[in-house]
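*Asks:* Take a look at this one; I'll ask things after.
Rule-based calculations on the coordinates, nothing more; no lab input. All of these numbers come straight from a predicted model, not from anything done at the bench. Cβ atoms come from the backbone with ideal geometry, glycine included; neighbour counts cover every protein chain shown.
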């Protein structure tokens, strides 16, 4: 193993300088998430601004002309950025025509009998009409803003009434006399149910990026072998005074290092994306999102060490296993393009295992079924997420051991392939003289 | 002492017989050429000696080591240049040479000397620090020849060393091979279908045709034995019997 480090160094240098690896595996995923995050949060921000500006410019048609309708108009005028235009009683069509002329997007109609109904303790309503010029986020948000304003007035009215009637209750009691406190019991702990949804989201996002990267791993290791064929460096490589197993290991470790770099790069991009979108959402949407972010998520259920111990080995074993499959694909192919096409098929079994597994409830299965599922290749990362909650670490251990066993078997196949002259001569099809690699005499 | 001993080599690719009992010996310090047309079995023979292919039967020894059973030992004393060889295109010429030198050198100093020697042999000058992908075909071949020779192997195996080169570059490469191997006592086993190259380069040659050695000897002696004015005529007369 004297030359392993030397070979790895060359491998990493060569792969990092390969333009399509540098661009597509390392720079692009990060850049894609950063651009997506910036564009989405930017457009959301713009939409919010548009919606708020539009909502601030409101026309009110007061058909009631009572004390409570006057109170509503006063309430609207007291809001910051408010720009209220009162319009005369007319038909809706005429009112909308006026709105269009004055570039006002919302018409609020206070119906006749509004104040009388409230005075008598009967429910009433305020009608809002939003002029939608096209289907857009800001137009959808605009209606939400108006509804929010009316509901704000409604709450204010409620507290006035409660005060006037000298009721011995709070306005909150009137609107929601019974609240639900939803908890879940998980891993011998009682935690708010919000923690569970937060935790699942966090864990899946932790493994989501590396899973995407795993798809690239096969392509990277296939390239590292395919490039030897295409650039005709393989023949010399195989006559160097280096153990062939070292060549195999250097290619696997080289691809692994590049994959980890790709994971880090994509990870940074993904977290940036999540940060931009989440911070925008908490500014924009419901209180529920804000409330959700107040909980610690996964770390209220499992410790950091537990998370690292479950996730990291599962991902590493899967990455190196996939890298080996890519290497074999590369060894059997003629050039980089065909190596990458063959390696590209890794997505199919990968997602065929990962997606159904993500939806299955492992904990409710019998032990034999759990073990059978754990024996499936590529299963460790998803099983890791599941056992973090169920605590059934034997299933994860089985899954990792199985993957290591498959890895060793494939490593043997790869080592045999590397020491065989088939690597150079290619595979001969029986019926024809066609070979994957042409050989010369 | 014989650096290469090849005895009754037979090689089948499926049903195709590529080598049919090839035997020859190469002495220490000698430049030995395998001469023959395309498909004669030259590359197969060289690939077997370079430990890349396994013979169907027969044996090949390099410095007494069997190329199949003791392939690891053989790889330590040979340096092989395939006909269609490339270098890692994303490395610079110097990085490529450094990578290769460190696999053979006993010390850092030794590796540095090898690289300096190779830069001189290649004649690439300042271009040595450019990436290999920017090199012309001739520059790449000169880099590869330099890589093969810089390690001063016991046996240099050169498959069509001037393949694809123009007259000027071919002449440069031939001079390098002859001068360098003579200076350092490197034994060379080469193949070529260029008779001019063979006459200039080789001390002894073997004529190979359809997987068999049809004759062997010093170029001058062969010409006088066949009463031919050049090696092309020698080859034509020699294969007369096996056509």
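*Asks:* Mind jotting down the distance between the C-alpha centroids of region A:349-427 and region B:1-53, whole Å?
*Replies:* Distance between centres, Cα-based: 46 Å.
*Asks:* At 0.36 nm per residue, and after removing the present C-alpha to C-alpha distance, how many nm does the segment from residue A:137 to residue A:49 gain when stretched out fully?
*Replies:* 30.6 nm
*Asks:* While we're here: Roughly how many Å is it from the Cα centre of region B:202-243 to that of region A:28-83, as a whole number?
*Replies:* That distance is 95 Å.
*Asks:* Rounded, prolate or oblate: pick one for region B:45-118, where a ≥ b ≥ c are the square roots of the eigenvalues of its C-alpha gyration tensor, a/c under 1.5 means rounded, and failing that, prolate if a/b is larger than b/c, else oblate.
*Replies:* Oblate shape, in that a/c is at least 1.5 and b/c is the bigger or equal ratio.
*Asks:* Let me ask you something else. Using only alpha carbon pairs under 8 Å that are at least six residues apart, calculate the relative contact order of region B:145-241 and give it in whole percent.
*Replies:* 21 percent
*Asks:* Using a 10 Å cut-off on Cβ atoms, rank the peptides A:221-230, A:47-56, A:270-279 from the highest mean neighbour count down.
*Replies:* On the way: A:221-230: 26.7, A:47-56: 18.5, A:270-279: 17.0.
So the peptides A:221-230, A:47-56, A:270-279, ranked by packing, come out A:221-230, A:47-56, A:270-279.
*Asks:* Just the number, please: percent antiparallel of the DSSP beta bridges in the protein assembly as shown, rounded to the nearest 5.
*Replies:* 55 percent
*Asks:* Debye calculation, C-alpha points only, no solvent: report log10 I(q)/I(0) for region A:34-80 at q = 0.18 Å⁻¹, in the same order as the q values.
*Replies:* Each listed q maps to, in turn, -0.66.
*Asks:* So how much slack lies between residue A:188 and residue A:419, counting 0.36 nm per residue of separation and subtracting their Cα-Cα distance, in nm?
*Replies:* 77.8 nm
*Asks:* Show that you can apply the helix-only estimate: for chain A, add -39,500 (n - 2.57) for every DSSP H stretch of four or more residues, divide by all residues, and state [θ] at 222 nm to the nearest 500.
*Replies:* Values: 18 runs with 295 residues, N = 441.
Computed ellipticity for chain A at 222 nm equals -22500 deg cm²/dmol.
*Asks:* How far, in nm, would the chain grow between residue A:268 and residue A:166 when pulled straight, counting 0.36 nm per residue and subtracting the alpha carbon separation? If you can, show how the numbers build up before the last one.
*Replies:* On the way: separation 102, 0.36 × 102 = 36.72 nm, distance 5.69 nm.
Result: 31.0 nm gained on full extension.
*Asks:* Still on this structure, please answer the following. If I build a Gaussian network model for chain A, linking alpha-carbon pairs within less than 10 angstrom, which residue out of A:219, A:128, A:379 has the largest mean-square fluctuation?
*Replies:* Top of the fluctuation ranking is A:128.
*Asks:* Now a separate question. Compute the distance in nm between two label points, each set 7 Å from the Cα along the Cα-to-Cβ direction, one at residue B:171 and one at residue A:361.
*Replies:* Between residue B:171 and residue A:361, the simple spin-label model gives 8.6 nm.
*Asks:* Right, another one. Taking 7 Å along the Cα-to-C-beta vector as the label spot, tell me the residue B:120-residue A:405 distance in nanometres, rounded to one decimal.
*Replies:* 6.0 nm
*Asks:* Kindly state, as a whole number, the per residue volume in cubic angstrom of the convex hull around the alpha carbon atoms of the protein assembly as shown.
*Replies:* Spelled out: Cα convex hull of the protein assembly as shown, divided by residues, is 244 Å³.
*Asks:* Right, here's the next one. Of the residues B:24, B:99, B:32, which exhibits the maximal mean-square fluctuation in a Gaussian network model of chain B defined by a 10 Å Cα contact cut-off?
*Replies:* B:99
*Asks:* Note down the Stokes-Einstein diffusion coefficient of region A:108-248 in µm²/s, whole number, using a Kirkwood radius over alpha carbon pairs, 4 °C, and 1.567 mPa s.
*Replies:* Working: Rh = 23.3 Å.
Value of D from the Cα-based Kirkwood radius: 56 µm²/s.
*Asks:* Express in whole angstrom the spacing between the alpha-carbon centres of region A:11-25 and region A:145-203.
*Replies:* So the two Cα centres are separated by 53 Å.
*Asks:* How many nm is it between the label spots at residue B:108 and residue A:6, if each spot is 7 Å from the Cα in line with the beta carbon?
*Replies:* For residue B:108 paired with residue A:6, the spin-label model returns 1.4 nm.
*Asks:* Could you work out how far helix A:380-390 tilts from the main Cα principal axis of chain A, as a 0 to 90 degree angle to the nearest 10?
*Replies:* 50 degrees
*Asks:* In region B:25-45, which residues have a backbone nitrogen under 20 Å from the label point lying 7 Å from residue B:7's Cα in the Cα-to-Cβ direction?
*Replies:* The answer is B:25-28, B:45, whose backbone nitrogens lie closer than 20 Å to the label point.
*Asks:* Return the average number of partner chain Cβ atoms within 10 angstrom of each residue Cβ along peptide B:64-73. Present the calculation step by step, with values, prior to reporting the outcome.
*Replies:* Details: counts 0, 0, 0, 0, 0, 0, 0, 4, 4, 1.
For this peptide, the per-residue mean of nearby foreign Cβ atoms is 1.
*Asks:* What shape does region A:50-175 take by its C-alpha gyration tensor, where a ≥ b ≥ c are the square roots of the eigenvalues and a/c under 1.5 counts as rounded, a/b above b/c as prolate, and the rest as oblate?
*Replies:* Prolate.
*Asks:* State the antiparallel share, in %, of DSSP beta bridges confined to region A:50-175, rounding to the nearest 5.
*Replies:* Working: 4 of 13 bridges.
Antiparallel bridges make up about 30 percent of those DSSP assigns within region A:50-175.
*Asks:* Something else: Please report the orientation-averaged projected area of region A:171-254, defined via the convex hull of its C-alpha atoms, in nm².
*Replies:* Average projection, Cα convex hull of region A:171-254: 10.8 nm².
*Asks:* I've got another one for you. Write down the Kirkwood hydrodynamic radius of region B:2-241, to one decimal in angstroms, obtained as one divided by the mean of 1/r over all alpha carbon pairs.
*Replies:* 18.3 Å
*Asks:* Still on this structure, please answer the following. Express the relative contact order of chain A as a whole percentage, based on alpha carbon pairs under 8 Å and six or more residues apart in sequence.
*Replies:* With pairs under 8 Å counted, the relative contact order is 19 percent.
*Asks:* In degrees between 0 and 90, to the nearest 10, how far off the longest principal axis of chain B does helix B:167-184 point, with axes built from Cα atoms?
*Replies:* Helix B:167-184 sits at roughly 90 degrees to that axis.
*Asks:* Under the Kirkwood approximation applied to all pairs of distinct alpha-carbon atoms, what is the hydrodynamic radius of region B:96-146 in Å?
*Replies:* 11.1 Å
*Asks:* Once the Cα atoms of helix A:28-56 and of chain A are each reduced to a long axis, what angle between those two axes, in degrees from 0 to 90 to the nearest 10, is obtained?
*Replies:* 10 degrees
*Asks:* Let me ask you something else. Would you mind telling me the antiparallel percentage of the DSSP bridges in chain B, rounded to 5?
*Replies:* Working: 22 of 40 bridges.
Taking every DSSP beta bridge with both residues in chain B, the antiparallel ones total about 55 percent.
*Asks:* Take peptide B:83-89, look around each residue's Cβ out to 10 angstrom, count Cβ atoms belonging to other protein chains, and average those counts.
*Replies:* Working: counts 3, 3, 6, 10, 4, 10, 7.
Per-residue shielding by partner chains comes out at 6.
*Asks:* Oh, and also: May I ask for the equivalent-ellipsoid semi-axes of region B:67-164, computed as the square root of five times each C-alpha gyration tensor eigenvalue and listed largest first in whole Å?
*Replies:* 22, 17, 11
*Asks:* Residue A:348 to residue A:67: FRET efficiency via 1/(1 + (r/R0)^6), r the Cβ-Cβ distance, R0 51 Å, to the nearest 0.05? Write out the running numbers ahead of the final one.
*Replies:* Numbers: r = 70 Å, r/R0 = 1.37.
It comes to 0.15.
*Asks:* Which of rounded, prolate or oblate describes region B:186-235 when judged by the alpha-carbon gyration tensor and an a/c cut-off of 1.5?
*Replies:* oblate
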